[in-house]
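Okay, structure first, notes after.
A short reminder: the numbers here are calculations on the coordinates, not readings from a lab. What you see is a predicted model; the values in this text were computed from it and never measured. Ideal geometry is used to build each Cβ from the backbone, glycine not excepted, and the neighbour counts take in all protein chains shown.
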Amino acid sequence: MIKNLKSSLILTVILILMFGVVYPLGIYTIGLVLPSNSVGSPIVRGGRTIGFENIGQSFTDDKYFWGRPSAVNYNAASTGGSNKGPTNPDYLAEVQARIDTFLVHNPGVKKDEIPSDLVTASGSGIDPNITPNSAYIQVKRIAVVRNLPEAHIKALVDQSIENTVLGMPVINVLKLNLKLDELK
Amino acid sequence: MEYLYSAIIILVTILLAVPLGRYISKVFKGEKTFLDLFEPLDKLIFKASGINPLAEMDWKQNLKALLTINLVWFIWIMFVLLTQRWHPFWNPDNMLSMEPTQAFNTAVSFVTNTNLQHYSGETGASYFSQLLALVFLQFVSAGTGIAALALLYKGLANRSTRNLGNFYYHLVRACTRILLPLSIVLALLLLLNQSPMTFKGSETIVTLQGDTVSVARGPVAAMVAIKQLGTNGGGFFGPNSTHPFENPNGITNAAENSAILLIPIAMVFALGYYLNRKKLSYIIMAVMSAGYLMLLIPTIVQETGGNPMITQMGIVQSQGSMEGKEARFGPVLSALWSISTTVTSNGSVNSMQDSFTALSGAFQMMGMQLNAFYGGVGVGFINMFIFMIIAVFISGLMVGRTPEFLGKKIEVREVKIAILVALLHPLLILGGTALASHTWMVTENPGEVLKWLNNPGFHGFSEMLYEFTSASANNGSGFEGLGDNTPFWNISAGVAMLLGRYIPIIGPIMIAGLLSQKKYIPESAGTLKLDSGMFGVMLFAVILIVGALLFIPALLLGPVSEYLTTIR
């Protein structure tokens, strides 16, 4: 028993050093070759970090493409989903409110045209993406607010579709909105 | 396309698992492999710890070694979590110490390979804790499961000897020869795909729209790799692999999903190589895969169908149910992951289980309740072993012969142990849920006082049932709406995890020890051949009858009732 305990203690210390220190430091060191990736792929404009490529931001202004609803209001320091069950009445009322808000801000859109990812919260609460349909359906609103031809904005959406291997085709909302701001 | 992707993920995993199984069998037997460059490292480790790795031990000595070192780990992690605010380095975001019952729950959770998380990584754990306590345990708790299985295989191969090999030898080699090399590969793939690996704390930014947000990050890639490969499941961030830093795109999603299944499947092929009974491993693989598909296919159908309550609002859910899911994964890849993670006792998620449509919740829970379709690293096959003993016993009764298992007589003692182990799981799950439901019912105004349930009605019951199912199965996923960071849940789930981990290791190792000492009886015309389709069917039936039947009433009360309310 005592011998077991002593061996266990020493073995534990060695394994903590191997897997808790050397392994992560090794991966970290290799990661230095990819300096941008290893710190989370920041997007820098004018010397200032304005976001991270894969971390969604809240867009509520009519002049920007909106992202997914978020249960944590895009708080990237405390992420999470709503964890609402599919039949929860409070939750369903919330979805109804999102539908109504969307219809008010996007006149001309019919209810059955709204893609479901625009009225449901993501799992992480910081989903950086929307489906292409969810971008197309907002084109008209943005064209009106920005006073730009619809075709230009639609073309911008066309170019922004990311077809990742083994994933769903999506649009990165932050990157799309950055391009939108550059469009004059 | 996503259906094709799902098929690719499953097939590629199986194709990789075959050579890996062969390799694992060699590691168990101590034969030469191409990774022998770790040999000097192993030797050094054993020498420093004063362990003779070649000293053979019987089942009692091995279990003593296993339990002792697990206790040492438990004390270490408790210490780390309770002293978090004084961590000398790697605490850039100044995390405070954990509350004692939460620390207890977290410590048990990581020692038992469960990774149920009643804390949230980005708000409750320092980088020091994440690496020196949690990542360390993600390696060694998985190593413990693999080592236990190595002892079991030895017991099955033995003829008339007490020796099952050496636990320490298998533990160290499971970590250095199997888990570490695979983790390095996966961590690098994650890094390439923009999963961060940094010791800089969170960064505060002003967004395009002018909001100020703080973005949590950290040494993510290293942890996510071992979390998947060791069927641990405990993520760096609260929402696990839904978080874009943990799982940035389709490629990482496929790699992580494959990593969840890889070692559990490889263990089955390893058995075939170890005992030189390949056909037996194919039969078991077929039974496991049938169970996996039985749960997976209806879940995909449910999720692509969308939430009927939202359909009734006039939304056409052509992309399926999206609450709690990420746009880059969609319903099919989310359903694939949710079943992969529940059958294997992994417990990581790429979408929120709580928000799946009603019936999918039942399939996820069933995956954990049966806990033998692939199962956790090492322990998954050990659970299947219990079902095999029971299947052999029942078949023996049916034909009126003493049951035999791989040439060894199965007698009263072995069957008693197997049955007790098999019944423990429903006892913990149903007993625990009953206790929680009772507490909820007798508390006045429970919604205000206890604040457990995030959802009313049947779904609220499902949240409690899911928590005990996940704890007892050492899974670690959750219906995360449950307000589980309270002394009641921290302690009760902690106890369920402890019993659900160690009893199903102790029992089967005892059986292996007993079988190991018995004489080998050559097969005769009357022997039930284990490597036959007949036995496969028998085994599947036993799993459904012994394993599933007890849970049906509880599932009817929760997810099935909820489903029925959506039918208009």
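Taking residue A:84 as the anchor, which lysines have their alpha carbon closer than 18 Å to its alpha carbon, excluding any fewer than eight residues away along the same chain?
Correct list for residue A:84: B:325, B:451.
Roughly how many Å is it from the Cα centre of region B:495-568 to that of region B:461-487, as a whole number?
Measuring centre to centre over Cα atoms gives 22 Å.
Over region B:397-437, consider all pairs of different Cα atoms and compute the Kirkwood hydrodynamic radius from their mean reciprocal separation; express it in Å, one decimal.
Mean inverse Cα-Cα distance, inverted, gives 12.4 Å.
Starting from the Cα gyration tensor of region B:381-558, take the square roots of the eigenvalues, sort them a ≥ b ≥ c, and report rounded, prolate or oblate (rounded when a/c is under 1.5, otherwise prolate if a/b is larger than b/c, else oblate). Please list the in-between numbers first.
Values: a/c = 3.54, a/b = 2.46, b/c = 1.44.
Prolate is the answer for region B:381-558, as a/c is 1.5 or above and a/b outweighs b/c.
Would you mind ranking B:95, B:464 by Cβ crowding within 10 Å, fewest neighbours first?
Numbers: B:95 22, B:464 25.
By the 10 Å Cβ count, ascending: B:95, B:464.
Skipping prolines and chain starts, which residues have an amide H placed within reach, meaning under 5 Å, of the one on residue A:170, given they are 5 or more residues away or on another chain?
A:162, A:164
Please return the longest range in chain B lying between exposed loop sites, taking GluC sites (Glu not before Pro), DSSP loop only, at most 10 other beta-carbon atoms within 10 Å, and leaving the sites out. Could you put the intermediate results ahead of the total?
Details: sites that count: B:31, B:444.
Between exposed loop sites, the widest span is B:32-443.
Taking Cα pairs under 8 Å and at least six residues apart, what relative contact order does region A:41-182 come out at, in percent?
Values: 203 pairs, mean separation 38.6, N = 142.
Relative contact order comes out at 27 percent.
For region B:485-523, which trypsin sites (Lys or Arg not before Pro) pass both filters: DSSP loop (anything but H, G, I, E, B) and at most 15 other C-beta atoms within 10 Å?
Working: sites: B:501, B:518, B:519; in loops: B:518, B:519.
Taking region B:485-523 and a limit of 15 other Cβ atoms within 10 Å, the loop trypsin sites (Lys or Arg not before Pro) found are B:519.
So what is the 222 nm mean residue ellipticity for chain A from helices alone, if each DSSP H run of at least 4 adds -39500 (n - 2.57) and you divide by all residues, rounding to the nearest 500 deg cm²/dmol? Intermediate results must be reported in sequence, preceding the final value.
Details: 8 runs with 79 residues, N = 184.
That comes out to -12500 deg cm²/dmol.
Could you compute how fast the protein assembly as shown diffuses translationally, taking Rh as the Kirkwood radius over C-alpha pairs and applying Stokes-Einstein at 20 °C with viscosity 1.002 mPa s? Give it in µm² per second. Don't jump to the answer; show the numbers that get you there.
Working: Rh = 26.4 Å.
My calculation gives 81 µm²/s for D.
I'd like the Karplus ³J(HN,Hα) series for region B:108-121: coefficients 6.51, -1.76, 1.60, θ = phi - 60°, whole numbers in Hz, and an x wherever there's a Gly or Pro.
4, 4, 7, 5, 8, 6, 8, 6, 5, 10, 8, 10, 10, x
Dividing the Cα radius of gyration by the Kirkwood radius, what Rg/Rh value follows for chain A? Working shown, then result.
Working: Rg = 22.5 Å, Rh = 19.5 Å.
Here Rg/Rh amounts to 1.15.
Quick query: amide H of residue B:215 versus all other amide H atoms, modeled in the peptide plane; which residues come in under 5 Å with a sequence gap of 5 or more or a different chain?
B:203, B:204, B:205
Hey, fewest Cβ within 10 Å first, where do B:58, A:112 land in order?
Details: B:58 14, A:112 9.
Exposure proxy ranking, most exposed first: A:112, B:58.
Compute the separation of the alpha-carbon centres of region B:145-169 and region A:1-32 and state it in Å as a whole number.
25 Å
Per-residue HN-Hα couplings for region A:87-103, Karplus 6.51 cos²θ - 1.76 cosθ + 1.60 at θ = phi - 60°, whole Hz, x for Gly and Pro?
Each residue of region A:87-103 in turn: 10, 5, x, 4, 5, 5, 5, 5, 4, 4, 5, 5, 4, 4, 4, 4, 5 Hz.
Given the C-alpha centroids of region B:399-433 and region B:171-185, what is the distance between them in whole angstrom?
Between the Cα centre of region B:399-433 and that of region B:171-185, the gap is 32 Å.
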